[in-house]
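Visitor: This structure is in structure tokens; I'll ask about it shortly.
The values are calculated or read from the model by the stated rules, or taken from the named source; none is laboratory data. In this text the structure is predicted, and so the values were computed from the model without any measurement. Cβ placement follows ideal geometry from the backbone for every residue including glycine, while neighbour counts extend to all protein chains displayed. We work out accessible area using only protein heavy atoms, side chains counted, and drop any ligands, DNA or RNA first. Shrake-Rupley method; radii C 1.70, N 1.55, O 1.52, S 1.80 Å.
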Amino acid sequence: MLRRSSRCIGFLMCCVLPLMIPPAWSAEQPQKAKAPHIEPRAVQVLKHMTEYLQGLQQFSVQAEITEDVLLDSGLTIQDSRSVTASVRRPNRLRVDAVGALGDRQLFYDGTTMTLMDLSKHRYSTIDVPPEIDAALHHAIQAYNLRAPLADLIYAKAYDYLMKETRAGFYLGLSKVQGHLCHHLAFRQQEIDWQIWIEDGPTPLPRKFLITDKQAKGLQFTAWLSQWNTAPQWEDGLFTFVFPAQAEKVNLR
């Protein structure tokens, strides 16, 4: 789900010896995994949001993002950037990001995905499957593409969001940027995440927060605004125009 397996390079190893002892001689029996405890109200609100987004043929949204960054010196700083995502289902996506660490673009045209670093004037193009969910999943798994907001873009957003979720809570109503929102909180093994979803007939996500429990509580926060659920675009919006002087580099 939110913390992709491609970002985890270690695996938990189990002792083999106890598996060789008959159950009658084992000192302790293995404990069954606890079933997720998710409040029904949290499930209802989250499903309402994901089904609404899935029903949109195209949309755009702007995200103001802040992210904690741990430096080698041990100092924690906060990076910020502004991201605009334009989605046309089933196979068009464009993302424009402007931030202190550089300006970047992503283009997906149903066949290839192109990443452009405007600050360094470099770009990379990779072949991806002909559908947004599969294309993003491939880019994340194969190339470790960091895309925390992808969980809100997937057509099957609910499945991605709830994968590996152990607990979920409905925390009531609160305002985000003037919008009355349902506040939900969820727990996974490595992260906690919260989402604020607009109350009413248009259940748009308005705020999204991820806390990394494995990295000293570093946080990623996105404030989502300027939703357009019926944009009028030309096909050229999703087509990457290769700059004459840009350098093409290969992703590993």
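Visitor: Going by average Cβ density within 10 Å per residue, which order do the peptides 52-64, 171-183 take, highest to lowest?
Guide: Working: 52-64: 16.5, 171-183: 14.8.
Top to bottom by mean Cβ count within 10 Å: 52-64, 171-183.
Visitor: Which angle from 0 to 90°, rounded to the nearest 10, does the C-alpha axis of helix 40-54 make with the longest principal axis of the chain?
Guide: Compared with the principal axis, the helix lies near 30 degrees.
Visitor: Now a separate question. Grab the beta carbon distance between Lys248 and Arg166, set R0 = 45 Å, and tell me the FRET efficiency rounded to 0.05.
Guide: Working: r = 43 Å, r/R0 = 0.96.
About 0.55, to the nearest 0.05.
Visitor: What is the sum of charges, Lys and Arg at +1 and Asp and Glu at -1, for the other residues whose Cβ falls under 12 Å from the Cβ of Ile77?
Guide: Neighbourhood net charge equals -4.
Visitor: For Kirkwood radius over Cα pairs in Å, several values are listed as [x] 20.2; [y] 18.2; [z] 19.6; flag the one computed from this structure.
Guide: This structure yields the entry labelled [x].
Visitor: Could you work out the local net charge near Leu180, counting Lys and Arg as +1, Asp and Glu as -1, over the other residues with Cβ closer than 14 Å to its Cβ?
Guide: Values: positive: Lys175, Arg206, Lys207; negative: Glu198, Asp199.
With Lys, Arg at +1 and Asp, Glu at -1, the neighbours total +1.
Visitor: If you roll a 1.4 angstrom probe over the protein chains with everything in place, what fraction of the accessible area of the range 176-252 belongs to carbon and sulfur, to the nearest %? Display every interim value, and only then the final one.
Guide: Details: 1950 of 4220 Å².
Result for the range 176-252: 46 percent of the exposed heavy-atom area is carbon or sulfur.
Visitor: Here is a further query. For the chain, what is the accessible area per residue in Å², given a 1.4 Å probe and the full set of protein chains? Walk me through the numbers before you get to the answer.
Guide: Details: 14810 Å² over 252 residues.
With the other protein chains kept in place, the chain gives 59 Å² per residue.
Visitor: Pull up the cross-link candidates among the aspartates and glutamates for Lys120, meaning alpha carbon to alpha carbon under 19 Å and not fewer than 8 places away within one chain.
Guide: Lys120 reaches Asp79, Asp96, Asp103, Glu247.
Visitor: Also, I was wondering about something else. Nearest 10 degrees is fine. How inclined is helix 132-143 to the longest principal axis of the chain, computing both from alpha carbons?
Guide: Tilt relative to the chain: about 70 degrees.
Visitor: If the cut-off is a Cα-Cα distance under 19 Å, which aspartates and glutamates reach Lys175, setting aside same-chain residues fewer than 8 apart in sequence?
Guide: Of all the aspartates and glutamates, those that pass the test against Lys175 - Cα under 19 Å, at least 8 places apart if same chain - are Glu64, Glu198, Asp199.
Visitor: Same structure again: Express the relative contact order of the chain as a whole percentage, based on alpha carbon pairs under 8 Å and six or more residues apart in sequence.
Guide: On the way: 461 pairs, mean separation 54.3, N = 252.
22 percent.
Visitor: Quick one, can you get me the convex hull of the C-alpha atoms of the range 79-129 expressed as volume per residue in Å³?
Guide: Working: hull volume 3.5 nm³, N = 51.
About 69 Å³ per residue, rounded to a whole number.
Visitor: Which of the aspartates and glutamates could a cross-linker span from Lys213 if the Cα-Cα distance has to be under 15 Å and same-chain partners fewer than 8 positions apart are dropped?
Guide: Glu67, Asp68, Glu164, Glu190, Asp192
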